[in-house]
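This report concerns only the one structure given below.
The values are calculated or read from the model by the stated rules, or taken from the named source; none is laboratory data. Keep in mind it's a predicted model, so treat the numbers as computed, not measured. As a convention, Cβ positions derive from the backbone with ideal geometry for all residues, glycine included, and neighbour counts pool all protein chains shown. What goes into the accessible areas is simple: the full protein's heavy atoms, side chains included, and nothing from ligands, DNA or RNA. Shrake-Rupley method; radii C 1.70, N 1.55, O 1.52, S 1.80 Å.
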Amino acid sequence: MAGVQGSPESPVDKVAGKEQAFASFSVDAADEPAAKFALPVDSEHKAKAFKIFSFANPHMRTFHLSWTSFFTCFISTFAAAPLVPIIRDNLGLTRTDIGNAGIASVSGSIFSRLVMGTVCDLLGPRYGCAALLMLSATAVFCMAMVSSAAGYVAARFAIGFSLANFVSCQYWMSTMFNGEIIGLVNGAAAGWGNMGGGVTQLLMPLLYELIRGAGAPSFTAWRIAFFVPGWLHGLMGLLVLGLGQDLPDGNPGTLQENGDVAKDKFSKVLWCAITNYRTWIFFLLYGMSLGVELTTDNIIAEYFFDRFNLKLHTAGTIAATFGMANIVARPAGGLLSDLAARRFGMRGRLWNLCLLQTLGGVFCICLGRAATLPASVASMILFSAGAQAACGATFGIIPFISRRSLGVVSGISGAGGNFGSGLTQLLFFASPKHSTAAGITKMGVMIVLCTLPTALVHFPQWGSMFLPPAKNVERYSEEWYYGSQWTEEEKRIGLHTGSLRFAANSRLERGRRVPSLSTPSDSTSAHV
């Protein structure tokens, strides 16, 4: 492994200029002192510590830009949900119209998340994130001008494209932070972003009441309220573009001009992702964690408003606790994934995900069957904790599926979340033949059943839930797994060297089978 360390005489340095563009590090940069970073880093210059109150560039600044931009997208995507009782009277919406709008709000980003994954792999997360924020701002402003059910559905569909920023968020974190803490970091970034779905349940009714109190008619006040999330989109787009950085060592344009990195081929990146069966299992799994969370964001306020005859603000406040749980639940799921990996390796991460998601499904069933307000609220909170923790646990595993195609794998998995939401809304909440309570119960059963394929996820070098890793460690090593995603010709010219470094840093996924590992010569010790 001498070549992986990037020593002055190694072959790695001779082929550094041909490394893929978004390998999350520059091989030549390994010669620079790691002390230039405020946080301790590994051989890929990924941070090995997570200091939440720090804004150190590039790692922690990227973290804060990432989660706040995703937070903004969640606010706008679900801004209509707590105002549905007002909007439906203004536009004459039927239950079918409301159901179709909910499906539309999450369906658009099925495609946009797939595109964003490719953009991240080939161009980088910064441009993708900023462009989508500013383009979707137009759709948010258009919501103030809708005058029909069709216009309402179309506007929510267009705004929903912004949820693709989830992919850039998770990709960005995976290029900036070491695998030993990636569960926690991905969980915190996405969880705090998802928290926007809870904040908007409070924010939009508050804005509506303030605007109406200032003298605006009821049917005008809700329209004016949408200008706030619209302006937030534009502001965050400019901040990401001006302050963000794609990789620890700089932005791709500069690195390419210096010959430090080269672009990978789209066809190779895509093929590597879609031919890995684990990608599609996580497409399904994420549909039953994030997907049901998005569905619940769309229906929960109206559910409490109608079933328990609550005031709009009260129903919104209760519904907000579902999304607000993300501030703790999703990071906790990621942290549990990291802790399980330290003892049991990847097998611990898989068990953690399966248990959390199954518990979320069980409490979803309880929510649908609860007959009193206290029981419903308690079940909702526990359901929220399980589903959101499962989201965090999921993205504690996804960065290890493919290093070469991290963006596309993240995009497909993320699209699974939106597909799951659209599917559950179509099956259980778009038609009057199901009561909302019955739909929630059936959705819970679906979660439990669709979590079972977690047992099929197997990594030869680490094992699976029920099967141990391959006995021939030398043959089925981390270097073999990640190196197999490159052709012999690509290996000959050194394009796989980034994957080899990632492989060396991912050996901790063996768990206690590896009591100690040598630290790459150009990394610093971790501390928190």
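General remarks:
- Here the chain exposes an accessible surface that is 67 percent carbon and sulfur, computed with a 1.4 Å probe and the other protein chains kept in place.
- Measuring how big region 114-268 is from its alpha-carbon positions, Rg and Dmax come out at 18.7, 61 Å.
- Extension gain, PHE219 to ILE274: 0.36 nm times the residue separation minus the Cα-Cα distance gives 15.1 nm.
- A Förster radius of 25 Å, combined with the Cβ-Cβ distance separating LYS265 from TRP480, puts the computed FRET efficiency at roughly 0.65.
- Efficiency of FRET between ALA437 and GLU488 - r from beta-carbon atoms, R0 51 angstrom, step 0.05: 0.30
- Taking packing as the residue-averaged number of other Cβ atoms within 10 angstrom, the listed peptides 486-497, 43-54, 465-476 run from highest to lowest as 43-54, 486-497, 465-476.
- The residues of the chain expose, per residue, 36 Å² of accessible area to a 1.4 Å probe.
- The chain shape via C-alpha gyration tensor axes, a/c threshold 1.5: prolate
- The Cα-based radius of gyration of region 142-187, divided by its Kirkwood radius, gives an Rg/Rh of 1.32.
- Residues listed by number, region 134-159, amide nitrogen under 20 Å from LEU239 label point at 7 Å toward C-beta: 134-141
- Spatial separation of Cα centroids for region 41-81 and region 387-422, in angstrom: 17 Å
- Ranked by the mean number of other Cβ atoms within 10 Å of their residues, highest first, the peptides 82-95, 403-416, 100-113 come out as 403-416, 100-113, 82-95.
- Cα-based Lys pair tally, the chain, threshold under 20 Å, eight or more apart or on separate chains: 13
- Extension gain for ASP89-PHE55 works out to 7.7 nm (0.36 nm per residue, less the C-alpha to C-alpha distance).
- Added length on full extension, which subtracts the Cα-Cα distance from 0.36 nm per residue, LYS36 to LEU339: 106.2 nm
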